[in-house]
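Shown next, in structure tokens, is the structure this report addresses.
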Amino acid sequence: MSVQARRDTTPEMAVRRLLYAAGHRYRLQRRVPGFSRRTIDIAFPGPKVAVFLDGCFWHGCPEHATHPKANADWWRNKLAGNIARDRETTEHLMEQGWTVLRFWEHEDPVAVADRIACTLAEARGKKAP
């Protein structure tokens, strides 16, 4: 698992390039307030928008998640823990006034970037592009 990329994944890079090209500036791997070992993939601290790009395997995508057969109980507990931690992180950030956006790695980067841009425009009180 230590070899698994935690940041700068292909889907994340594609979305970041689109956001940057559209003039949006963001922070990467910003710590979740109150949770020292959790980070926001792409954070917009001013308007308080947190973006997470979740991998289908690690975060339990309903369309693409697979379940290893070897050591099945351990993996079931591990992946269920990831899903619970995601839910807890989302609720925690929302309680602190953040807008939380979660996307799957298989989603179209253009559609993801457009949704983020619309959310940012709403959070900043502007009309969406």
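The values are calculated or read from the model by the stated rules, or taken from the named source; none is laboratory data. What you are looking at is a predicted structure, and each value in this text was computed from that prediction instead of being measured. FYI the Cβ positions are ideal-geometry reconstructions off the backbone, even for glycines, and counts take in every protein chain you see.
Structural remarks
- Residue that is in contact (Cβ under 8 Å) with a residue 24 or more places away in the chain and either touching a helix residue (DSSP H, G or I) at 6+ places or on another chain (Cβ under 7 Å) or surrounded by 12 or more Cβ atoms within 10 Å (Cβ to Cβ) (or both), where the choices are 85, 31: 85
- Tally, over segment 82-115, of residues that are part of a helix (DSSP H, G or I) and more than 21 Å from residue 63 (Cβ to Cβ): 7
- Taking segment 28-69 as the range and being in contact with a Phe, Trp or Tyr (Cβ under 7 Å, 6 or more places away or on another chain) and of a type in the set (D, E, K, R) as the test, the residues that pass are 41, 48, 54.
- Candidate set: segment 1-51, residues that are more than 14 Å from residue 89 (Cβ to Cβ) and basic (Lys, Arg); chosen: the one modelled with the lowest pLDDT: 6
- Residue in segment 49-68 that is part of a helix (DSSP H, G or I) and hydroxyl-bearing (Ser, Thr, Tyr) present: no
- Scanning segment 6-20 for residues that are surrounded by 12 or more Cβ atoms within 10 Å (Cβ to Cβ) and not in a helix (DSSP H, G or I) yields 6, 9.
- Scope segment 103-129; condition at pLDDT below 95, more than 15 Å from residue 44 (Cβ to Cβ) and among the charged types (D, E, K, R); matching residues: 105, 107, 127
- Number of the exception - residue 95 against (1) modelled with pLDDT of 85 or more; (2) more than 17 Å from residue 123 (Cβ to Cβ): (2)
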